[in-house]
Each structure stands twice: as structure tokens, then as C-alpha cells.
Amino acid sequence: MVGCERSGGTCFFSFHVFFPNQCKRVEQGPEKDGLALLLPTRSLYYSSHKTTESDPNKYGSCCLCSPSLIRICPPISLPCSSLFGRGGFSFETSGAMKVTVVSRSGREIIKGGIELKDSATVSDLQDAIHARTKKYHPSRQRLTLPMPPRTQGKPVVLNPKKRLAEYCDGDASSLTVVFKDLGMQVSYSTLFFWEYLGPLIIYPIFYYFPVYKYFGYEGERVTHPVQTYAMYYWCFHYFKRIMETFFVHRFSHATSPLSNVFRNCAYYWTFGTYIAYYVNHPLYTPVSDLQMKIGFGFGLICQVLNFYCHILLRNLRSTDGSGGYQIPRGFLFNIVTCANYTTEIHQWLGFNIAMQTVAGYVFLVVAALIMTNWALAKHRRLKKIFDGKEGRPKYPRRWVILPPFL
Ligand SMILES: NC(=O)c1ccc[n+]([C@@H]2O[C@H](COP(=O)([O-])OP(=O)(O)OC[C@H]3O[C@@H](n4cnc5c(N)ncnc54)[C@H](OP(=O)(O)O)[C@@H]3O)[C@@H](O)[C@H]2O)c1
């Protein structure tokens, strides 16, 4: 972003070229107020300088970027920190751009490359690839910048909303991108809908229908009240999860690989069947009335709190899912990073206190292990994003998932 402000005989250039989290203030020049910026593929710096009108370009170019690519915009004077999350910077370029699309092994995916306007976005490139290949719908394309030789780490993933010029290394007339086919995709809502639908249907089948005669139990089945409450509790939970999927969550990713539907359904449907079989079994022995009330009471409170956590997470993003990752705040999030997982685990604990089956506890342990693993990664990610440097807020001290242990 370039700003030019004229005041009397002086011209004030204020250059802010930035990528989220990569803006760095350095001491440079007599005013010690420069900005250094590390871009993914090169480093670039510019600073705020006062210079005379007769020589406006004395400091008006940046080191690794051709001055002709820079456009003088209306005056902009923003601190580096306020630019985070807004993404991008303005370049003035002209003409066309040739994009070479290669596989990770370096093989050209689109023979001869693709010609696009230099104002084209990554999304335009994805559409162009789709138009040339048909098989690769934009949702299954992952485009990254090539990794320089002998470098470690993760490549820069191209954001569909950004202009391709923002990823050019000085020369805005050509760009090489690495293409990866993510395979067939489904929307996140579809993925979650199918994984939760299974338990929601399977469980009542064991409760309402005489399925146990197929397992060798011919006698009359006596249904205990606790089994009825468990059925309502269970169905309420999965109905709530489906509703949250469609009306509460604001996902940052549009799609997920189709293979995840089979993997997640296998997990939820199998556990749903396993637990439903034992909880509704004709030989099931109920717990005491008091234990049942404590279990379901505690579990229901946790389900409501879990819903509240999801509302708090939803409010961190705008309606279209943009806004990236923020520091979750409010209620339990003030002490634990993944309060939604904490409440989820405790609501299953409530269910198991009330039902007391081995199957239920096995599910609780497996689910807690999975969520702990995810929570550790989310905690690390938030600490990395909010590192307290260069004007970024510092992630507050918090438990990860299960205070006072983790
Ligand atoms: N029983 C089980 O085995 C099990 C396992 C996992 C989850 N669950 C249940 O399913 C619920 C949802 O699971 P999940 O893994 O999808 O939860 P999650 O990753 O915490 O995400 C919930 C939603 O909040 C968003 N979000 C999370 N942290 C955010 C942040 N710092 N800033 C902005 N947005 C943020 C997520 O965005 P993104 O789209 O970017 O992720 C997502 O849309 C859990 O809360 C839990 O109740 C159950």
C-alpha cells in the first residue's frame, strides 16, 4: 500500500506493503521509522521518508520490486498493526500474465500455461484450469507457490480471493504455481450432516424395534425409564449438532475431501451402533435414580454450555466465514482454548454417569483423545498467530482443553 501526502514543498511517502503476520518494524534511515516486510518469496522493505518535491523518487522505490509496479494511492497513514488481516497491497501493473501450472514433481499440468489479465485473481486462475481440464473443479484445486530449492517448511497456499499479482516475485508478467488435486470434495455441511445422521437414526432403531431377537434374545424386553431418557438425550445431542452445522458454524474452508465422509461416518456410525446396542440391551441393569439424575442433569447443562461456546466461536467471524482465526473470548474461553471440546467431553461424561456402560466409556475416551489432539494443534496455532510481536496481540495464558491437567 503506498501513500503520498504533499505538504508545502515536501512529499511524504508512506509505504505499507504487507502480508498478515509478516510486517516488521525496523530502524532504517535518519527517522528510524521504516517498515521491513518479509514476503513469502522475497524480502522487500520500504519506509516512511520525507523528501523534497523535486526529488520525490529519491526514496520512492523499494529494494526488490520494480518502481514501475508501484502505484501512488491517495494518502494512507495506517500503523503496521492495523493492517493485519486486511491482506494484500496495491500494485499497478499492465498487460497480461502467463501462469505456468506444474505438479509437485515439476510436470506441466496445463501445456503451454495459461494467459490471464494481470488483474486476475487466484479464483480466476482456478476457473481457467477447470475450463482447460474439466476434471479439476476449483474446489479440488490446491495452488501453492513453488518452494525454493533446499528449503524446509510449508509452501504458501494461494488465497482464491487475492490477486495473482500479489504472489509475483517482482516480475508481474509471469508466475509459476504448484497444483495439487485434492480429490472429490463435499461441503462441510454435507460432511457433518451425514456423520451425525447415522447415530440419530441408528440409536432409535435399537430402542423402538425388536432387533435383539436377531441377536438371540427371544423374551419380552422391559424398557427402563433411564433407557428412554438416554434415547432422548442422545437424539437431542445429534439433532443439535446437525442444526449447529447448518445454522451456527461459520466454516473457513468451503469443502472437505469426499473420503472424509466415509472415514467420519465409519467413526460415528460404528460407535453409535456399539453404544445403542448395549444401552438398550434387554439385560441392561439401570443405575440408581439419583445417579441417573446427576448424570443427565450434568450432561444437559454441558450440552447447553457447548451450544453457547459454538455461538461465541460463530461471532468471531463474519457471515461469509471470513475473518480468519481470532482469540476466542468470553465465558469458559477465558480460561481454556477449546472450551467447546471441554463441554463436549463433559456432556458425554454426564451421559456415561447416567448409563454406565463400557461401550459409552470407550467412546468417551476415544473422543477425548481425538479432541485433545485437535485442541493441542489449535492452541499451538493461536499462540503462533498471536505471538505478541510487531503489534500483534499476545495469546493469553490458558489451559488447552481439560483444566487443571492440560
Ligand atoms: N464426539 C466427538 O468425537 C467430537 C469430536 C470433535 C468435535 N465434536 C463436536 O463437534 C463440535 C465442532 O467440532 P469442530 O472440530 O468443528 O470444532 P472447532 O474446530 O472448534 O470449530 C467450530 C467452528 O468454530 C470455528 N473456529 C474455531 N476456532 C476459531 C477461532 N479461534 N477463530 C474463529 N473461528 C474459529 C471453526 O472454524 P474452521 O472452519 O476454521 O475450523 C468452526 O467453524 C465440537 O465443539 C464438539 O462439540 C465432537
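Quick rundown of the values:
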quantity	calculated
Estimated vicinal HN-Hα couplings, Hz - segment 320-336 in sequence order (Karplus 6.51, -1.76, 1.60; Gly, Pro = x)	8, x, 7, x, x, 9, 10, 7, x, 9, x, 6, 5, 5, 6, 10, 9
Nonlocal amide H pairs with Gln185, under 5 Å, H built at 1.01 Å	Leu258
Average Cα contact separation per residue, segment 168-266, under 8 Å, 6 or more apart, as relative contact order %	53
Backbone HN-Hα couplings from phi across segment 304-314 [Karplus 6.51/-1.76/1.60, Hz, Gly and Pro as x]	5, 5, 4, 4, 4, 4, 5, 5, 4, 5, 4
Rg ratio (alpha-carbon, reference 2.2 N^0.38 Å) - segment 248-294	1.85
Sites Ser322 and Leu300 - FRET efficiency at Förster radius 41 Å, r taken between beta-carbons, to 0.05	0.75
Ile110 long-range amide H proximity, modeled H, under 5 Å	Val101
Fraction of accessible area attributable to carbon and sulfur, segment 164-258 (%, probe 1.4 Å)	65
Summed side-chain charge close to Arg104 - residues other than Arg104 whose Cβ falls under 14 Å, Lys, Arg +1, Asp, Glu -1	+2
Cβ-defined net charge surrounding Pro286, 15 Å radius [Lys, Arg +1; Asp, Glu -1]	+1
Full-extension gain in nm, Ile201 to Thr151, via 0.36 nm per residue minus C-alpha separation	13.0 nm
C-alpha center-to-center spacing [segment 219-265, segment 361-406] in angstrom	24
FRET efficiency, 1/(1 + (r/R0)^6) with R0 41 Å, evaluated for Ser252 and Tyr278 via beta carbons	0.65
Pairwise FRET efficiency - Ser259 versus Asn373, Cβ, R0 = 22 Å, nearest 0.05	0.70
Estimated vicinal HN-Hα couplings, Hz - segment 197-214 in sequence order (Karplus 6.51, -1.76, 1.60; Gly, Pro = x)	5, x, x, 5, 9, 5, 4, x, 4, 5, 7, 8, 9, x, 6, 6, 5, 6
Out-of-range pairs (alpha-carbon distance over 19 Å; input Lys154/Lys389; Lys111/Lys180; Lys117/Lys162; Lys98/Lys162; Lys98/Lys135)	Lys154/Lys389; Lys98/Lys135
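The values are calculated or read from the model by the stated rules, or taken from the named source; none is laboratory data. Predicted, not measured: the structure shown is a model, and the values here were computed from it. Quick reminder, even Gly has a Cβ in these numbers, built from the backbone with ideal geometry, and neighbours come from all protein chains shown. Only protein heavy atoms, including side chains, enter the accessible area calculation; ligands, DNA and RNA are left aside. Shrake-Rupley method; radii C 1.70, N 1.55, O 1.52, S 1.80 Å.
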